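A short reminder: the numbers here are calculations on the coordinates, not readings from a lab. Just so it is clear, the model here is predicted, and its values are computed rather than measured. Cβ placement follows ideal geometry from the backbone for every residue including glycine, while neighbour counts extend to all protein chains displayed.
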């Protein structure tokens with residue numbers, strides 16, 4: 001009897017899924033109700049993460065396509081433009097945010113709770129991250 005070793009587990013890069021995830025317009029609409037993950041301001045855009053992080057289940061994007069909607073984060077227009085104006089990985093490192101972990105957290109909360117409750121939990125998570133980073137917006141600016 002011969003044995004065959006499955007070498008897939010030893011590859012440096014995971015094989016991407018064969019099928020693209022479905023679009024989630026309802027989730028993108030939900031993101032527009034949250035504050036910016038960098039500034040805490042309202043009036044955000046859904047910013048898709050374009051670089052892969054296989055550990056978090058993000059295999060990148062195909063040529064000419066956007067990343068899966070679950071890997072979108074709420075960013076104010078200025079920060080969204082800054083995200084695209086430089087190396088994206090460097091942008092997130094400069095902000096001190098693990099974008100894939102945060103995206104999975106927000107998507108999970110949205111998926112697990114009714115929308116009003118999910119908005120509350122996601123907003124709290126975003127504000128906690130801003131507080132830890134020392135970027136919590138001042139109440140005087142409101």
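Which order results if 29, 50, 138 are arranged by neighbouring Cβ count within 10 Å, fewest first?
Details: 29 11, 50 15, 138 7.
Exposure proxy ranking, most exposed first: 138, 29, 50.
Please compute, over every Cα-Cα pair in the range 32-134, the percentage with a separation greater than 16 angstrom.
The answer is 56 percent, as a whole percent.
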- Fewest-first sequence of 132, 38, 44, 54 by Cβ atoms within 10 Å of each Cβ: 132, 54, 44, 38
- Message: Based only on other Cβ atoms within 10 Å, what is the fewest-to-most ordering of 113, 121?
- Response: 113, 121
